[in-house]
1. Can you pull out the trypsin sites (Lys or Arg not before Pro) in segment 558-616 whose DSSP state is coil and whose Cβ has at most 15 other Cβ atoms within 10 Å?
2. Which value in nm describes the separation of the simple spin-label points at residue 621 and residue 226, placed 7 Å from the Cα toward the beta carbon?
3. For segment 289-422, how big is the tail of P(r) above 26 Å, as a whole percent of Cα pairs?
4. Considering only DSSP states other than H, G, I, E and B, which GluC sites (Glu not before Pro) in segment 262-336 qualify as loop sites with at most 13 other Cβ atoms within 10 Å?
5. Please give the helix 258-271 orientation as an angle from the longest Cα principal axis of the chain, in degrees from 0 to 90, rounded to the nearest 10.
6. Give the residue from 251, 202, 129 lying farthest towards the positive end of the charge dipole for the chain; charges sit on Cβ (+1 for Lys and Arg, -1 for Asp and Glu) and the dipole is referred to the Cα centre.
7. Can you give the angle from 0 to 90° between the axis of helix 213-223 and the longest principal axis of the chain, with both taken from C-alpha atoms, to the nearest 10?
8. PRE reach from residue 521 (point 7 Å along Cα→Cβ): which of segment 714-742 fall under 12 Å by backbone N?
Amino acid sequence: MPQIEETSMAAEIAAKFINYTSKHVFLTGKAGTGKTTFLRKLIKLTHKKAVICAPTGIAAINASGVTIHSLFQLPFGAFFPDAAGNIMNQNITFNFNTPRTIVKHMNMQGNKRRMLQELELLVIDEVSMLRADMLDAIDFALRYIRRNRNVPFGGVQVLFIGDLHQLPPVVKNDEWRVMAGFYKSIYFFDALALQNNPPIYIELDKIYRQDDSVFIDLLNNLRNNKITPEDTALLRQHFKQDFKPSTDENYITLTTHNNKADSINRERLTQLKTKSYFFDAKVTGEFNEYAYPNEKSLELKVGAQVMFIKNDMTAEKRYYNGKIGVVHHIAKDVIEIELPEERTVISVSPFTWENVKYKLNEATNEIAENVAGSFVQYPIKLAWAITVHKSQGLTFDKAIIDVGDAFAPGQAYVALSRLRSLKGLVLTSHLRESGLQQDQNIHYFSSTKQPAEVLTEQISVESYDFIRTYLLAAFDLNLIRYYIKEHLQTFDKSEKSTKQHYDNWTMELYADFQKITATADTFINQLKGLFAEKTGHTFFNVSKRVEAALKYFNPLVKGVSDKFLIQIEAVKEEKGIKTYLTELLELEILVYEQLKKMHKSKALLLAIIDGKEFSKADTDALLNVSERNEQLQKAIQLKGQVLKVKSAVEKKKKEPKVDTKLISFELYEQGKTLEEIAKERGFSVTTIEGHLAYYVSTQQIDVTKLVKPNKIRNISDAVESQKTKSMATIREFLGKDYSFGEIKLVLASLFPSEE
């Protein structure tokens with residue numbers, strides 16, 4: 001488990017759930033408990049392949065991640081999981097999406113698709129702003145891309161981070177009128193994808209921002225809908241309706257609307273008689289203007305009150321995100337800020353914000369961050385006033401709070417929790433009851449939180465299932481065997497291409513790999529038996545067998561990897577060979593990745609047994625990565641070009657310009673029967689069933705709407721008992737009462753990745 005500095009027990013439990021189980025986790029905490037620090041260190045150290053995303057551009061930049069829409073290529077608008085259900089007869093006046101429109105909109109490049117197929121951990125930051133329907137859209141996209149439609153999020157673990165007592169998701173009344181037919185609330189935890197597999201609720205409890213116990217109690221009551229008469233009386237003590245601070249008191253005003261904050265800042269800046277200086281940001285590469293973390297053109301004057309919008313990354317730690325100062329001196333490329341509390345003057349340097357994009361490293365098969373663009377600007381902004389929304393994550397010593405017209409539950413809490421203590425608080429308006437009360441859905445979800453002892457016990461149970469699943473997958477070579485067989489079937493002796501010369505080489509390699517796979521299958525059955533015993537010695541017994549198995553399989557699987565690389569090197573200068581080389585490279589990467597999983601499964605098991613940490617660095621140390629990279633880079637250099645890898649699961653012919661199955665689907669959505677569609681299109685019913693099987697595969701049609709339940713059950717039983725997916729064999733077994741179309745539909749629901 002990666003060690004997080006200054007960890008509380010809750011932080012350690014969260015890290016263990018993330019690293020040693022596959023359970024989804026909701027990590028929350030009061031303002032100032034260190035959620036962001038936890039995230040940064042976890043991502044740096046976790047052994048899982050992870051990406052970070054957030055609902056908005058600014059939130060994504062601050063989290064060093066990407067937006068949800070860009071990561072999954074989701075169109076904007078509400079998402080309805082059942083296109084043919086509750087919305088068909090409603091008069092909808094806003095943009096919305098369904099599974100079909102998401103698939104139609106998705107045009108994902110090979111590398112990005114492979115990256116999402118390799119993904120193990122998805123982190124969603126600032127989850128308070130995430131709508132339930134957006135999370136269901138993510139769920140559908142991952143199931144579709146990973147071709148694992150029967151498991152939530154396609155088998156990816158999700159870490160949700162945020163404080164639900166802060167600002168809620170935005171939903172319009174006309175949107176909610178329709179969405180209420182699907183969702184209990186608009187919050188992420190009521191997404192359909194989480195109903196049968198809710199996240200573990202973990203709350204960080206150590207507050208770093210406040211050390212005033214009276215203030216902490218007040219904030220806790222605000223969060224928990226338990227405002228007492230004493231709390232109200234305490235807040236009234238800080239009410240000063242017409243408070244006007246002197247210029248040297250360094251108060252910042254927190255208000256609810258942008259125009260009010262902008263007006264205050266503009267007015268105060270104009271009142272200064274000193275000269276204006278303008279500092280233009282340097283923007284390079286890709287950087288969406290809506291995600292700019294500061295003004296593109298920053299106007300400053302000597303005497304202006306400013307605040308820092310980043311922490312000081314130097315060893316001196318002279319300022320923090322939200323610290324107030326005053327512009328002391330300005331010259332060309334020089335800005336000096338006076339810090340009144342410390343009575344010092346410091347020089348400020350520009351800060352670089354990076355727009356990160358994720359990409360799969362073709363050589364290592366690891367997910368890597370790539371900087372797509374940057375925004376360089378001084379990390380300060382005018383700070384006589386700021387909106388509550390933009391104050392999230394900031395810390396102030398003194399603040400004038402004007403949230404009498406708070407338009408969302410929890411805004412009062414967000415505003416008050418920015419302060420270090422009550423000493424710096426001034427209220428210029430009384431807080432309305434609606435601004436204090438929290439949403440009852442949040443209150444109910446919060447009640448699912450379990451004590452640390454229960455969570456610790458649950459980690460033990462979940463880690464048992466996690467390592468069992470990981471070990472079985474690590475030694476399962478059948479998928480690679482399938483792809484090598486598929487590659488073998490591309491050889492055609494009637495052709496005269498250079499590739500055909502290596503038919504025998506491929507047949508021999510496949511025959512050897514079949515033997516390795518058969519032995520691995522036997523070992524997997526042994527593992528299943530050992531895990532089924534569930535004794536105090538299970539892990540010890542498993543570890544001994546895994547150690548012996550790895551000694552046996554390592555040289556064999558490594559040998560297959562080497563054969564591919566040697567073959568690439570041997571034939572790469574021949575003519576007309578590039579497609580063949582790409583196929584070899586794809587297969588080699590799959591084989592080497594499986595070898596890594598074998599080694600990692602053993603190391604993870606030993607870490608769990610010994611109670612030790614297992615980090616990204618430990619993963620990198622399992623094999624000689626540098627030697628492999630050098631070997632691979634040499635192999636893929638081809639006459640000044642580098643071979644590009646395509647996803648092995650993406651080898652599909654292009655769809656015809658007119659998608660005949662889409663026409664059948666649209667007619668079906670209009671409410672027509674299979675017989676009516678067949679008659680209108682001049683096809684047989686079996687052909688129409690074949691068309692709709694694709695949409696069963698993509699979960700856009702429920703197979704129970706097309707095939708009777710007893711037939712679904714009998715076809716499923718036949719697949720299991722006959723150990724086959726052959727429609728002819730299944731029909732021969734069941735009889736002529738079962739059409740090929742019905743069998744195809746059920747197979748599409750059972751094996752969606754093969755449609």
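1. Working: sites: 558, 563, 572, 575, 578, 596, 597, 600, 602, 612, 616; in loops: 572, 575, 612.
Those satisfying the criteria are 575, 612.
2. A separation of 4.6 nm, rounded to one decimal place.
3. Numbers: 3178 of 8911 pairs.
Here the tail beyond 26 Å accounts for 36 percent of pairs.
4. Passing sites in segment 262-336 are 286, 316.
5. Long axis of 258-271 versus the principal axis of the chain: about 40 degrees.
6. 129
7. With rounding to tens, the tilt is 50 degrees.
8. Once the point is set 7 Å along Cα→Cβ of residue 521, 723-724 turn out to lie under 12 Å by backbone N, inside segment 714-742.
The values are calculated or read from the model by the stated rules, or taken from the named source; none is laboratory data. A quick note: this is a predicted structure, and the numbers were derived from the prediction, not measured. Every residue, glycine among them, receives a Cβ derived from its backbone with ideal geometry; neighbour counts consider all protein chains shown. Ligands, DNA and RNA are stripped out before the accessible areas are found, and what is left, the full protein with its side chains, is counted by its heavy atoms. Shrake-Rupley method; radii C 1.70, N 1.55, O 1.52, S 1.80 Å.
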